[in-house]
Amino acid sequence: MTAAGEASPHDPPGAAPDGEDALDRDPSADPLSVLFVSPMDLSGRSGGNVATKEIAVAFARHHGVELSLVCPRPADALPPGLTDGAERAWFLPEKPAGTMEWHARSQLPTLRAHAAAERAVDPDLIVARVGPSSVFTPLAALVTRTPYVALIRGMVGRNLKFGTVVDALVRANALAADETYVAYGEIADRYGLGEDATVFPNAVDPERFQPMDRAEARERIDAPIDPGDFVVGFVGSLKQRHRVGDLLDAVAALPDGEAVHVLVVGDGPQRDALESRVADAGLTDAVTFCGYVDHDELAPYVGSCDATYGVVDADNPSNPIKCYEYLACERPVITSATDELGFVAERDLGVALDRVSPETVADAIARLRSLDDDALAEMGRRGREYVVENHTWDRLADAVVATYRE
């Protein structure tokens, strides 16, 4: 435990020590022209799309930044924070989901977009979400001698056919960058970046994820929750690495009469298998599959929960954005004891598991279930206070701008 006035070892760069305000912003400084380059559809549904959109919006609302965009033409309209906040946008071809061909087809349009941006806005800084198509962005920064910040938010080459080539490209971006920010330490390890990378974990927009009264939240969603149910919620894509099966098996193993209800919010390739698992275990009345819910509409679903679930698969390292959103909604979290999420145990904001299994998840549920409403509410309040102070997307924008100003 760190002493008051010191930053926690789990705090991201730019985090305010306890009792201090956020980073000061100099209102007299000239606006910084930032070109934000993304291979992600900023109107897309995936976690990567949402996180990238949130980062771009944080730069757009930073009063010291004039933001321009290079990104795929959105399948839907750009989010309001970018429609209103970005000065200019150069669109790459629309990006279909789940295709690698787009990354090849986008190369020439990316080069043209950089040339157009250089003529139109002459950016002071290029910030890019690094992806499989990030070829010309570091070259453009080098040729124009523009400072370059690389954001590596996941294992880019993982599970890709040409993963080795993609990983080499990601490493080249990191080496070319003036600053590299990664979402968790294993990314730096994978690409051999060592101390050349700064770990800035995922974050949340606390204005979007506000705490709600539990009873009111449950009235706003379509789920058969009994008044006495202890609700454990999961939000995200239904993929193996999110270990939703362990949550369902944990509930099946709880003693009869525990009155635990699981709220599964999301869709994905495992949904049919998980629904069959629930039926086979006789848990149909104890589990609700809500399907996909738009990111802007998630708060009532999280607010309906007593506890939340967002763990890390040991074979697929990650830093679940959902955990920060849960905490912003003042809900305790069951997660994994990773370096980035170590603050959960340190600050008593839920349960951090050393190992994910049905048994450890069941124990975590039982521990939280044993707390009274006041204790859970206090745990939730501490969680929101902590993430608002230390894990917002605005802090990432602050850190990048502050580094450039220095």
Item to check | Entirely in region 160-236, the helices (runs of 4 or more DSSP H) that have 3 or more residues that are at negative phi and over 24 Å from the mean Cα position of the chain (by Cα) | outcome: 163-176, 214-219
Checklist entry - Would you pick out the residues in region 319-364 that are of a type in the set (G, A, S) and either without any contact (Cβ under 8 Å) to a residue 12 or more places away in the chain or in contact with a strand residue (DSSP E or B) (Cβ under 9 Å, 6 or more places away or on another chain) (or both)? => result A328, S336, A337, G342, A345, G350, A352, A364
Checklist entry - Do you know which residues across region 323-344 are of a type in the set (A, V, I, L, M, F, W, C) and buried (at least 24 other Cβ atoms within 10 Å of the Cβ)? => result C323, L327, A328, C329, V333, I334, L341, V344
Item to check | Subset of region 99-109 that is in contact (Cβ under 8 Å) with a residue 60 or more places away in the chain and touching a Leu at 6+ places or on another chain (Cβ under 8 Å) - its residue that is surrounded by the most Cβ atoms within 10 Å (Cβ to Cβ) | outcome: S106
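Name the residue that is nearest to P201 (Cα to Cα), counting only residues in region 320-353 that are of a type in the set (F, W, Y) and within 16 Å of the chain's Cα centre (by Cα).
Going residue by residue through region 320-353, those that are of a type in the set (F, W, Y) are 324, 326, 343.
Still in the list and also within 16 Å of the chain's Cα centre (by Cα): 324, 326.
Values: Y324: 10, Y326: 15 Å.
Ranking the qualifying residues of region 320-353, first place goes to Y324.
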Checklist entry - If we scan region 13-33, do we find a residue that is part of a loop (DSSP other than H, G, I, E, B) and modelled with pLDDT of 85 or more? => result yes
Checklist entry - Is it the case that some residue within region 228-240 is touching a residue at least 24 places away in the same chain (Cβ under 8 Å), more than 19 Å from G380 (Cβ to Cβ) and among the aliphatic types (A, V, I, L, M)? => result yes
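Just give me the residues in region 122-132 being of a type in the set (V, I, T) and either farther than 20 Å from C71 by Cα or in a strand (DSSP E or B) (or both), in sequence order.
Applying the first criterion (of a type in the set (V, I, T)) to region 122-132 yields 126-127, 130.
Answer for region 122-132, where residues must be of a type in the set (V, I, T) and either farther than 20 Å from C71 by Cα or in a strand (DSSP E or B) (or both): I126, V127.
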Item to check | P96 being free of Cβ contacts under 8 Å to residues at least 24 places away in the same chain, in the same structural domain as A140 (by TED's automatic domain parsing), surrounded by 15 or more Cβ atoms within 10 Å (Cβ to Cβ) and not small (G, A, S) | outcome: no
Item to check | Criterion violated by D213 - all others in (1) under 30 Å from N159 (Cα atoms); (2) surrounded by fewer than 18 Cβ atoms within 10 Å (Cβ to Cβ); (3) of a type in the set (D, E) satisfied | outcome: (1)
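Condition check ((1) under 19 Å from L67 (Cα atoms); (2) surrounded by fewer than 24 Cβ atoms within 10 Å (Cβ to Cβ)) across all residues:
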{"site": "S134", "(1), (2)": "no, no"}
{"site": "T146", "(1), (2)": "yes, yes"}
{"site": "L151", "(1), (2)": "yes, no"}
{"site": "N159", "(1), (2)": "no, yes"}
{"site": "V165", "(1), (2)": "no, yes"}
Checklist entry - In region 268-277, is there at least one residue being modelled with pLDDT of 95 or more, surrounded by 18 or more Cβ atoms within 10 Å (Cβ to Cβ) and acidic (D, E)? => result no
Next on the checklist: The conditions are (1) within 28 Å of E297 (Cα to Cα); (2) modelled with pLDDT under 95; (3) among the polar types (S, T, N, Q); (4) not in a loop (DSSP other than H, G, I, E, B), and T99 fails exactly one of them. Which is it?
Outcome noted: (4)
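Can you go through D76, D122 and tell me which one is of a type in the set (D, E) and at pLDDT 95 or above? Don't jump to the end; show me each part of the working.
Numbers: D76 fails: at pLDDT 95 or above.
Just a single option satisfies the conditions, and that option is D122.
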Checklist entry - Can you tell me which residue in region 121-159 is nearest to the chain's Cα centre (by Cα), limited to those that are farther than 23 Å from A397 by Cα and β-branched (V, I, T)? => result V135
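Restricting the search to region 253-263, which residues are touching a residue at least 40 places away in the same chain (Cβ under 8 Å) and either of a type outside the set (D, E) or not assigned by TED's automatic domain parsing to the domain that holds A307 (or both)? Talk me through it step by step, then tell me what you get.
Applying the first criterion (touching a residue at least 40 places away in the same chain (Cβ under 8 Å)) to region 253-263 yields 253-254, 258, 260, 263.
Within region 253-263, A253, L254, V260, L263 meet the criteria.
The values are calculated or read from the model by the stated rules, or taken from the named source; none is laboratory data. Values in this document were obtained by computation on a predicted structure and should not be read as measured data. Here the Cβ is made from the backbone with ideal geometry for all residues, glycine too, and neighbour counts use every protein chain on show.
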